[in-house]
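The values are calculated or read from the model by the stated rules, or taken from the named source; none is laboratory data. Not measured: the values here are computed from a predicted model. So basically every Cβ, Gly included, is an ideal-geometry build from the backbone, and we count neighbours across all protein chains shown. The area values use the complete protein model at the heavy-atom level, side chains included, leaving out ligands, DNA and RNA. Shrake-Rupley method; radii C 1.70, N 1.55, O 1.52, S 1.80 Å.
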Amino acid sequence: MSLCLICQSEIQPFISFGQMPIANGFLSPEQFAEEYFFELRLAFCQTCKMVQLMEQPDREKMFHDNYAFFSSTSTRMAQHFAEFAQAGSNDGIMLQNFQRAGIRHLGIEPSANVAQVARDKGIQTISKFFDQDLARAIVAEHGQAEAFLGANVMCHIPYLHSVAEGIKILLKPEGVLVFEDPYLGDIVERTSYDQIYDEHAFYFSLSSVANLFSRHGLELIDAIPQPVHGGSMRYVLGHEGKYQPSPALSALREKENQLGLHQPETYEKLRRNIEQSRTDLISLLRKLRDERKRVVGYAATSKSTTVTNYCGITSDLVEFISDTTPIKQGKFNPGTHIPVRSYEEFTASYPDCALLFGWNHAEEIMAKEVNFKAAGGNWIVYVPRVQVLK
Ligand code: TMP
Ligand code: ZN
C-alpha cells in the first residue's frame, strides 16, 4: 500500500512505464553494468487530486556534482526567463536579470557544479536543498522576501510540505510565491507522457496546488499558462486572504473540470493514449528501418529517457542522438544505450529522418534546421500524436 505524499490517502498506480533509469544519467560503457533502475509508476490521489510518482529514486542519484542539465543551453529558455524576471536557481538563467537590474536576490541550487556557474556570473547562490530550516536561516541573515520564485523546481521536490512551510516563513506579509512547472492539463490533453520521469515527483494542476498550499496558509490567487517545456503553468500565491483571486483563475479551474482532471477515468484514458502512442512510434520506426532509412534522435533531453525506455528504442532504430551539450557527447543515453554525438555529426551527414526528442523546442529547432529540411530530411514527432511532419 502506498500513501499520497501530500495528504496521506491511499493511492493506486494507473500506469507503469516499467523499469526506468535516471533520466539525466548519461553514461559510458564501463558504467552499463551498475546502472540504477527503478519502476516508474504514476498515481492519482482522489482526495487531494495530486498526480505523483509512486516511487522516489534517491535524490543523490539525480542531483549530483556532475548533474548534466544546464538551462542556458537553450536560447528560447533564456528569453523566457528574461521575461519572467519582472527557483532551483540553476545556473542563474533567471536571476541574472535581477542581478543586472541591481535587485537584491539569492539563488538556492543544490547541484554544486551548477551553483558555481551561477556564482561565476555574480549571482549570490546557496548550494543547499530548500526547507524550513534553511528558510529560517535565510530570514535571520537577510530578512524576509517580497517574492519567492521557482521554475521547474517545485515539481521535483518530494518533501513539499517543508518547502511550503519554509516559503510561508520567508515571505513578507505582502510577499508572493510565483512558480511554474509542466502542467498536468497539457500532459492529459496532448499525451505528452515524456514529461513523466524520475525528477518530476509531482504533476500539478490548479486544484492540487491550491489544496497543497492551503494547508500552509498560502492561497492560489492567479495562474498563467506558459508555452515553454511543452506546456507549463505559472502559479501565483499569497498569504491567505491578502489578495483577491484573479478572474482568470476561475476560468482556468472550470477548464480543469471540463478536462476531467479530478476524475480517475481521465487517467485510465491517459494510459490507453500512452499505450497507443508507444505502438504507433515503434511501428513507424520499424517501418523506416525496414525501408533502410537513417533515423537520428535530435536532442538528448531528459524526456527522451522515458520514451526510449518505455518504447524499447535502441540503436537499431535510432542510430545516435545529436546533442549540443558537451558533457553528454560521447556518452550513451540512459537504459537503452543509444550513442549521444555532437551536433556536428548531425549536420555533417543528414539522416533521412530526425526524431525530435526536443519537441518542446520545435520552433527554435526547426528555424535553425532549414538546411536539413531542404536536403529532404523529415521530422518525426510524437506529441500530440506520432507523425512524420510534412
Ligand atoms: P530539455 O530542456 O527539453 O530537457 O532539452 C535540453 C537538451 O536538448 C540539452 O541536452 C540540449 C539539447 N538541445 C539540442 O541539442 N539542440 C537544440 O537546438 C536545443 C534547443 C536543445
Ligand atoms: Zn492526496
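Here are the numbers for the structure shown:
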item: Any chance PHE32 is away from ligand 2 (no atom under 16 Å from the Cβ) and at pLDDT 95 or above; result: yes
item: Criterion (over 26 Å from GLN226 (Cα atoms) and surrounded by 14 or more Cβ atoms within 10 Å (Cβ to Cβ)) met by exactly one of ILE274, ILE282; result: ILE282
item: Test result for ASP181, part of a strand (DSSP E or B), surrounded by 23 or more Cβ atoms within 10 Å (Cβ to Cβ) and not small (Gly, Ala, Ser); result: yes
item: Residue check, GLN8 at positive phi, within 14 Å of ligand 2 (Cβ to nearest atom) and modelled with pLDDT of 95 or more; result: yes
item: Test: residue in region 267-279 that is outside any loop (DSSP other than H, G, I, E, B) and of a type in the set (Gly, Ala, Ser); result: yes
item: When residues of region 13-37 are limited to those that are more than 23 Å from the chain's Cα centre (by Cα) and open to solvent by 50 Å² or more (accessible area, probe 1.4 Å), the one farthest from ligand 1 (Cβ to nearest atom); result: ALA33
item: SER302 within 16 Å of ligand 1 (Cβ to nearest atom), touching a Pro at 6+ places or on another chain (Cβ under 6 Å) and among the polar types (S, T, N, Q); result: no
item: Qualifying residue in region 244-258 (condition: of a type in the set (A, V, I, L, M, F, W, C), more than 17 Å from ILE187 (Cα to Cα), open to solvent by 60 Å² or more (accessible area, probe 1.4 Å) and modelled with pLDDT of 95 or more); result: yes
item: Considering residues of region 341-385 that are of a type in the set (Val, Ile, Thr) and surrounded by 20 or more Cβ atoms within 10 Å (Cβ to Cβ) only, the residue farthest from TYR36 (Cα to Cα); result: ILE380
item: Residue in region 75-97 that is open to solvent by 20 Å² or more (accessible area, probe 1.4 Å), in contact with a Lys or Arg (Cβ under 6 Å, 6 or more places away or on another chain), modelled with pLDDT of 95 or more and away from ligand 1 (no atom under 14 Å from the Cβ) present; result: no
item: Every pair of residues 6+ apart whose Cβ atoms lie under 7 Å, when the first sits in region 358-379 and is within 16 Å of ligand 2 (Cβ to nearest atom) while the second is at pLDDT below 95 and small (Gly, Ala, Ser); result: none
item: Residues of region 327-347 that turn out to be assigned to a helix (DSSP H, G or I) and near ligand 1 (Cβ under 10 Å from one of its atoms), as a count; result: 4
item: Residue tally, condition closer than 26 Å to ASN24 by Cα and open to solvent by 10 Å² or more (accessible area, probe 1.4 Å), over region 201-224; result: 0
item: Residue tally, condition farther than 29 Å from PRO227 by Cα, in a helix (DSSP H, G or I) and open to solvent by less than 50 Å² (accessible area, probe 1.4 Å), over region 138-161; result: 2
item: Residues located in region 162-177, provided they are within 26 Å of GLU199 (Cα to Cα), open to solvent by less than 20 Å² (accessible area, probe 1.4 Å) and of a type in the set (A, V, I, L, M, F, W, C); result: VAL163, ALA164, ILE167, LEU170, LEU177
